Amino acid sequence: MRKINRAVKIRIYPNAEQRVQIEKIIGCSRFIYNCIKRRNRRNLRKRNKFLK
């Protein structure tokens, strides 16, 4: 049986306050992602192991 992937595109129109909140959330997520990536790279060099 073949698996079918489907996607739905939704456009949002946030007001100014919502836009600020969205930007904060994305900024925090990017910061955490980069910290974990940096830590994994460091651990891979030292112990040849990834953290989860």
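Just to confirm, what accessible area per residue do you get for the chain at 1.4 Å probe, in whole Å²?
Each residue of the chain exposes 117 Å² on average to a 1.4 Å probe.
Pairing the Cα long axis of helix 16-47 with the longest principal axis of the chain, what angle in degrees results, from 0 to 90 and rounded to the nearest 10?
20 degrees
Using unit Cβ charges (K, R positive; D, E negative) and no other charged atoms, how large, in debye to the nearest 20, is the dipole of the chain about its Cα centre?
680 debye
Would you work out which of 22, 12, 1 lies farthest towards the positive end of the dipole of region 1-43? Charges go on Cβ: Lys and Arg +1, Asp and Glu -1.
Of the candidates, 1 comes out farthest on the positive side.
If you wrap a convex hull around the C-alpha atoms of the chain and split its volume per residue, what is the figure in Å³?
126 Å³
The values are calculated or read from the model by the stated rules, or taken from the named source; none is laboratory data. Predicted model only: the values in this text are computed from it and were never measured. FYI the Cβ positions are ideal-geometry reconstructions off the backbone, even for glycines, and counts take in every protein chain you see. For accessibility, only protein heavy atoms count, side chains too; no ligands or nucleic acids. Shrake-Rupley method; radii C 1.70, N 1.55, O 1.52, S 1.80 Å.
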